[in-house]
Amino acid sequence: MEFTEAYKQTGPCCFSPNSRYIAVAVDYRLVIRDTLSFKVVQLFSCLDKISYIEWALDSEYILCGLYKRPMIQAWSLNQPEWTCKIDEGPAGISYARWSPDSRHILTTSDFQLRLTVWSLVNTACVHVQWPKHASKGVAFTKDGKFAAICTRRDCKDYINLLSCHTWEIMGTFGVDSLDLADIEWSPDDSAIVAWDSSLEYKVLIYSPDGRCLFKYQAYESGLGVKSVSWSPCGQYLAVGSYDQMLRVLHHLTWKTFAEFMHLSAVRGSCYAAVFKEVDEPLNIDMSELCLNDEFLQGNSDASDGHFRVRYEVMELPIALPSQKPPADKPNPKQGIGLMSWSSDSRYICTRNDSMPTALWIWDINHLELAAILVQKDPIRAAAWDPTCSRLVICTGSTHLYMWTPSGAYCVSNPLAQFTITDLKWNSDGSCLLLKDKDSFCCAGVPPLPESSEYSSDD
């Protein structure tokens, strides 16, 4: 892997959908860099510090959320002189997003009073009253023709279907929920999944015309659903719960065909490989080297000893580090808080929040645990390569950690004092964007050979 130098950032950073550009927030400036040369191709000045950025799907426009104002500014890469500013006045703006056609911006006002659709073509606007959430509760079909928007009135939740061409409401139906948490279209646009808040375990499958196709409730007492995700192929629906279990439903019957438990004790009967991050001391004789004081102060390894981070395959049974959340505090760190499918829908990775240093990788084809990665630090982010079964994770250390079906390995970041707190893939899987507290860099990722054999010493 090849790493670029570090560049300054003070907020969000993201690739454009076509992978040609990187947008970076630096205080009130929006910096657009070329992905190959990293030269600045555009520089836009906003009216306040940038809190949020989002590319339009055509990679031609980009919006900046100035939530301190509150205000939205949008810019065009092809027409730098073109500007757009959205200000809701006293109603405020708590969130903004693009429509699939890249020519409309949807904003949610403070206190969820209304959702407004702003047209960049004719400056027209359409209002939807009482949206349920600010950043959640809005989902678009994959073909971009329809939008589903959650609303709440008279103490009841509803789903409104809108045409993304005319923005007229095509239909509205009530949802059998206590407090609707979020919704998501299936990948084939044939169904909408809606799930309740953590206080009520309820997963509801609706057809676009409002018919309830299935209602799933794993248990009644205790905290319920924590995360929900469709597989890219659309055949599976994964539901992560506070009871530390992952349940997978099939789209034909909507029945549960797999239940995966996250136990702190991994038994010897398990066939999964357990990779544990370890520090291996390097025996280097530096007695004959002449090192100045400046080098010794800048190099922490010189005083703390020399180590190489690698994975060690552990023997079973093994006890994973876990923590019990306090019973007197809300939002306990327990249950499946992180969940992500591989691009081919064969694998799904999960993190049980009561075991924050362990990442579980499940094989859906064989309905078994494929691997467990045990890190020294809590897992911050995990992302699958969009082109193959390669998983990359970061833990706030100076290393990247990768897993493929062939094994797991650690990659050292050559940038001094650069701790990786977040990561994102570009759309073709050739580059990773890595974030530190106040800087970012990119790493070129070589394509994965079809018969790759990695070891933990690579």
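The values are calculated or read from the model by the stated rules, or taken from the named source; none is laboratory data. If you're wondering where the values come from, they're calculated on a predicted model, not measured in any experiment. Heads up, the Cβs are rebuilt from the backbone with ideal geometry, glycines too, and the neighbour counts pull from every protein chain shown. Heavy atoms of the whole protein, side chains included, go into the accessibility calculation; ligands, DNA and RNA do not. Shrake-Rupley method; radii C 1.70, N 1.55, O 1.52, S 1.80 Å.
Odds and ends about this structure:
- When segment 386-445 is filtered for residues that are within 21 Å of Val274 (Cα to Cα) and among the polar types (S, T, N, Q), the ones remaining, listed by number, are Ser389, Thr395, Ser397, Thr404, Ser406, Ser412.
- Residue satisfying all of: in segment 196-218; open to solvent by less than 40 Å² (accessible area, probe 1.4 Å) and of a type in the set (S, T, N, Q); farthest from the chain's Cα centre (by Cα) among these: Ser207
- Hits in segment 166-183 - residues which are open to solvent by less than 60 Å² (accessible area, probe 1.4 Å) and in contact (Cβ under 8 Å) with a residue 40 or more places away in the chain: Trp167, Leu180, Ala181, Asp182, Ile183
- Listed by position, the strands (runs of 3 or more DSSP E) contained in segment 104-165 that have at least 2 residues being within 24 Å of Cys64 (Cα to Cα) and either modelled with pLDDT under 95 or open to solvent by 40 Å² or more (accessible area, probe 1.4 Å) (or both) are 114-119, 125-129.
- Test for Leu237: is it open to solvent by less than 40 Å² (accessible area, probe 1.4 Å) and either out of contact with any helix residue (DSSP H, G or I) (no Cβ under 9 Å at 6 or more places or on another chain) or not polar (S, T, N, Q) (or both): yes
- Residue in segment 346-363 that is open to solvent by less than 30 Å² (accessible area, probe 1.4 Å), part of a loop (DSSP other than H, G, I, E, B) and either in contact with an Asp or Glu (Cβ under 8 Å, 6 or more places away or on another chain) or on the phi > 0 side of the Ramachandran plot (or both) present: yes
- Residue check for Ile192: within 24 Å of Val225 (Cα to Cα), among the aliphatic types (A, V, I, L, M) and either out of contact with any Leu (no Cβ under 7 Å at 6 or more places or on another chain) or at pLDDT below 95 (or both): yes
- Yes/no for Val121 being within 24 Å of Tyr61 (Cα to Cα) and either touching a His at 6+ places or on another chain (Cβ under 6 Å) or of a type in the set (Gly, Ala, Ser) (or both): no
- Condition met for Leu36 (aliphatic (A, V, I, L, M) and surrounded by 21 or more Cβ atoms within 10 Å (Cβ to Cβ)): no
- Lys68 meets all of the listed conditions (1) basic (Lys, Arg); (2) over 21 Å from the mean Cα position of the chain (by Cα); (3) at pLDDT 95 or above but one, namely (3).
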